[in-house]
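Undergrad: Input: one structure, supplied below.
The values are calculated or read from the model by the stated rules, or taken from the named source; none is laboratory data. All of these numbers come straight from a predicted model, not from anything done at the bench. All Cβ positions, even for glycine, are placed from backbone atoms using ideal geometry, and neighbour counts span all protein chains on display.
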Amino acid sequence: MPELREIPTPPELSPLQAALAQAEVVAEMSNPAGLRLDEPVVDPVTQYKHDLRIELSGYPQDLSTQLAAKGEVAQEAIPTPILDEEPPPEPPEVVPAELIEVQPATASNQVPGINVKFIGGPFDDQCVARQDGVDVDTTFSNESLLYGVVRPVVTDAESTVQLSIRQGETETAALPFVFSHDVPPPPPEVMADAATGPILGRS
């Protein structure tokens with residue numbers, strides 16, 4: 001097949017206009033009347049067709065030239081990929097945090113608060129420890145350890161609270177934390193008075 005010189009598409013033409021003009025000129029290669037070199041040039045479309053006809057007129061008007069011209073049309077209609085552009089990086093996969101263990105898992109309900117280790121991960125500095133669905137004071141240590149301050153709600157009976165980690169809009173499964181009810185022993189002087197009893201008549 002003859003090699004055809006590429007005719008650049010004028011910037012005034014849209015890809016569709018150029019493709020239609022090319023198809024029309026290529027169809028003329030099989031027309032017994034030949035290429036329409038007498039078509040008046042009145043706009044960018046007819047100028048483009050004129051340039052195509054001038055190029056094709058230097059070749060025999062047979063089937064092989066027509067097939068080669070169609071190949072040029074098809075090739076020009078395909079957008080040329082920009083090889084220098086790299087595809088945008090894929091966003092990193094977000095691994096949801098998981099709470100595996102709390103240490104300790106129990107404390108007396110007579111303490112005002114206890115610093116509990118929240119073990120699991122992966123954690124970041126945006127993670128917040130929670131007690132019964134409420135954020136508590138949190139200290140980030142590393143991606144597998146947070147500290148949270150847990151406080152008793154009931155002080156006159158044993159109770160269980162649920163501890164979890166909030167990471168943005170997501171929250172881990174909760175683990176139980178038990179507050180035992182340990183009544184503190186009376187002060188030593190009260191115990192001594194109870195053992196000896198009141199001494200009557202002492203002034």
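Undergrad: What pairs come out if I take residues in the stretch 31-49 that are under 21 Å from residue 8 (Cβ atoms) and pair them with residues that are loosely packed, with under 13 Cβ neighbours inside 10 Å and among the hydroxyl-bearing types (Ser, Thr, Tyr) whose C-beta lies under 8 Å away, six or more apart or interchain?
TA: From residues that are under 21 Å from residue 8 (Cβ atoms), the pairs are 35/57; 37/57.
Undergrad: Here's another thing I want to ask about it. Pull out all pairs, ordered by first then second residue, where Cβ-Cβ is under 8 Å, the residues are six or more apart or on different chains, the first lies in the stretch 155-167 and is over 16 Å from residue 122 (Cβ atoms), and the second is among the charged types (D, E, K, R).
TA: 161/132; 162/132; 163/130
Undergrad: Kindly provide the set of residues from the stretch 26-40 that are of a type in the set (Gly, Ala, Ser) and not in a helix (DSSP H, G or I), ordered by number.
TA: 33, 34
Undergrad: Further, regarding this structure: Quick one: residue 107 ticks every box in (1) touching a residue at least 12 places away in the same chain (Cβ under 8 Å); (2) surrounded by fewer than 18 Cβ atoms within 10 Å (Cβ to Cβ) except a single one, so which number is it?
TA: Failed condition: (2).
Undergrad: Looking only at residues that are among the acidic types (Asp, Glu) and in a loop (DSSP other than H, G, I, E, B) in the stretch 73-117, which one is modelled with the highest pLDDT?
TA: 90
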